[in-house]
1. For region 410-484, what is the accessible area per residue in Å², given a 1.4 Å probe and the full set of protein chains?
2. In the chain, which whole DSSP H runs stretch at least 27 Å along their own axis (Cα) and average -1.0 or higher on the Kyte-Doolittle scale?
3. Pop out the ³J(HN,Hα) list for region 242-258 in order, Karplus 6.51 cos²θ - 1.76 cosθ + 1.60 with θ = phi - 60°, rounded to Hz; leave Gly and Pro as x.
4. Of (1) 1.34; (2) 1.38; (3) 1.19, which is the value of Cα Rg over 2.2 N^0.38 Å derived from the coordinates here?
5. Find the relative contact order for region 37-125 and round it to a whole percent, using C-alpha pairs within less than 8 Å whose residues are 6+ positions apart.
6. Note down the relative contact order for the chain as a percent, whole number, built from C-alpha pairs under 8 angstrom at least six residues apart.
7. Can you work out the accessible area per residue across region 263-366, with the rest of the protein chains kept in place, probe 1.4 Å, in square angstrom?
8. Among the lysines, which fall within straight-line cross-link reach of residue 397, defined as a Cα-Cα distance under 16 Å, with same-chain neighbours fewer than 8 residues apart omitted?
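The values are calculated or read from the model by the stated rules, or taken from the named source; none is laboratory data. Note that this is a predicted model, so its numbers are computed, not measured. For neighbour counting, all protein chains shown are included, and Cβ atoms are generated from backbone atoms with ideal geometry for every residue, glycine included. The protein model used for the area step is the full one, side chains on, heavy atoms only, and it has no ligands, DNA or RNA in it. Shrake-Rupley method; radii C 1.70, N 1.55, O 1.52, S 1.80 Å.
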Amino acid sequence: MSEPVSLARLEQVVDTSGVAARIEVLLPVGARPRQLSVRTLLVGMLACQADSRPAHLARVHAALVSLPAPDRARLGVIATWKTGPHTLTYRQVEYTFGLIVDALAKHQPDGQPSETLATVVDALVEASIPDGHHNTSTSLAVDWSDLESWALAPHSDGITADTEASWGHRRSHAIGQKDELFYGYYFQAATMVPDDDGRPVPELVRRILVTTCSLDPVPAFVAVLQRLHHSGVALGDMLADSGYAHRIARNWALPLRALGASIVTDLHPSDRGPHGTFGGALCHNGNLYCPATPTALLELGPLPRGASAQATVDHDRATATLARYKLASISSDDADGYHRVACPAVVGKLRCPRRPTSMTLGYDRPEILGPPQPAPVCCTQKTLTVPADVNAKTRQKHDYPSATWRTSYARRAGAERSYSTLKDPASNDISRGWCRLMGLTPILLFLTATTIVRNLRVADAYDARQADNARRAAAGQPPRTRRRRRKTIGELAGANAPP
């Protein structure tokens, strides 16, 4: 079980976000003032999740009324009425929460949060990033996961209690488990991961989004990243799996490049390999290659999981040879996304008879034995100007599937770890039944509270680990590493081992 988060820190997150006052002005004013304020309700939702309780309004009420007496009086959980002290009731919690949902939800639901709700969620999640960690990394790992609704799936008549939910598809990578359908929403998160320099950072969730499954989650999350960029946060590496790569370029790759992000993604199998030419050069895995590139090198795929050490060395050697045939980039993108590349023989990466100067290079470089006839543009010109629409979907930061790309892409596991902590049965498990409210808005509000508590726990664990490493370094001790105990069958069998 995780360590509890103090009430003071939960209140600090709500106050830092500034959303309580913004929501309060949206609520109707009755003849009698409400005992439960928006600020207290948000604190109660965070306290409920900090205690690893399910996301039920009854649990929020229980979390508030179980606070110490001074805190209950300060937060308005106990108010002075004409008849004396009055303790907050469940119906008051339900009433105030309903007002908030009505104020933040769309009048005509379309499967996405309203603009007001989106800004509220962004502010709350950003406020959970502790001071000192806002700019420790510009790299984000994004992914989506299933979020089941408590409502039953619609019957043949189409009637269901959660009209905003829809059928979705989830994949299972576990052995013996097949892909299946579920009824609910897609939950997306952007998690901070280390930059390519390798400096450690806490894996904090920076932004979240919940949409109905009938919408494509990829373009929907672009708007979230655009708001993050416009808030002053620089976007660096954007790590995503092939689910994000196998999309129309204008739905993912092009908008991110316009924001200054560098894409590091696993190409979908249908996007791998040569796909057309430009100026005679091969469009292959997001780059332009010499038309005389050997076919065996163009057939290289990503290193399979569990590959042996020798297979890894051979694969890395082959991808390094393939890089010799790549047209070298000699300029960065201009304002319109255009850049220039040069023939690999011109820059001294390989030997080609069409470039006489390159034939003086050493024999450690590959040699083009049969240049294409007739000579294409890439063989007659030293450089090419490449427009933004060439390799628009597959172009990325590192050569795919090189060793550099593999090391960089491994950071995407941070997104998987975020979901594992959010679905941890020992703390807050967001599987079906965790939240029994219907509709996108109430579910997203409670999911935001869970994400905030998760961020605070991860930041605390990271700071404690860094402090312990500093203490051990000062004492001349190596950093603490996880011990992996491995026992053989013979050790387990002991004296009863067969001869």
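1. Each residue of region 410-484 exposes 49 Å² on average to a 1.4 Å probe.
2. 440-474
3. So the J values, rounded to whole Hz, are 5, x, 8, 6, 7, 9, 5, 4, 6, 8, 8, 5, 5, x, 5, 5, 5.
4. Matching the structure shown: (3).
5. On the way: 62 pairs, mean separation 19.9, N = 89.
Once normalised by length, the contact order is 22 percent.
6. On the way: 768 pairs, mean separation 87.3, N = 499.
18 percent.
7. Working: 5130 Å² over 104 residues.
Here the residues of region 263-366 average 49 Å² of exposed surface.
8. Qualifying lysines at Cα under 16 Å: 326.
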